[in-house]
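Student: The structure under discussion is supplied below as structure tokens; questions concerning it will follow.
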Amino acid sequence: MGALDIRSMDTWIVDADIIAIGHTHDSMVAPIVRERFVTQNGDYRIKYPETMFVRCGTYKDEFGQTEGMGWAVEKGGGPKPICAKWVRLYPVWEWTKGGKMGGKSRGRGVWTLGCDIFDAK
């Protein structure tokens, strides 16, 4: 289902929030978390950024429409999921220091990207 492709891409694509890939016609979502040492203005800490790898399905029904004939059937790969993926992106405010106390904001924060991934059927 492309798990080795995901690990391979993880070595040369860095700092991506989402990577959407296809071609194998499989359908899956796999979160990959890394450990990263970060320095900023004399502040040293370890972060754990996450990348969502999205493998999209297909709209090509090689088993149902071709009645068991054709390249994919003869190759013996088996039926594949017929679907696409929807990705909903939205901004998320992350507090970096302090937080909310008594209804007042304390400290600083940064905007990050949040997402929901689901099948589009």
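Student: Could you grab me the full set of residues in segment 34-65 that are of a type in the set (S, T, N, Q) and not in a strand (DSSP E or B)?
Tutor: Asn41, Gln65
Student: Spot the failing condition for Asp26; the list is (1) open to solvent by less than 30 Å² (accessible area, probe 1.4 Å); (2) modelled with pLDDT of 80 or more; (3) more than 25 Å from Val110 (Cα to Cα), and only one is missed.
Tutor: (2)
Student: Follow-up question, since we're still on this one. Taking segment 83-97 as the search range and keeping residues that are open to solvent by 80 Å² or more (accessible area, probe 1.4 Å) and over 18 Å from the mean Cα position of the chain (by Cα), which one is modelled with the highest pLDDT?
Tutor: Out of the qualifying residues, it is Trp93.
Student: Further question: Which of the residues spanning segment 29-44 are surrounded by 10 or more Cβ atoms within 10 Å (Cβ to Cβ), over 19 Å from Cys115 (Cβ atoms) and not hydrophobic (A, V, I, L, M, F, W, C)?
Tutor: Once the filter is applied, which keeps residues that are surrounded by 10 or more Cβ atoms within 10 Å (Cβ to Cβ), over 19 Å from Cys115 (Cβ atoms) and not hydrophobic (A, V, I, L, M, F, W, C), segment 29-44 yields only Arg36.
The values are calculated or read from the model by the stated rules, or taken from the named source; none is laboratory data. Just so it is clear, the structure is predicted and the values come from calculations on it, not from any experiment. In this analysis, Cβ positions are derived from the backbone assuming ideal geometry, glycine residues included, and neighbour counts consider all displayed protein chains. Ligands, DNA and RNA are excluded from the accessible area calculation, which covers all protein heavy atoms including side chains. Shrake-Rupley method; radii C 1.70, N 1.55, O 1.52, S 1.80 Å.
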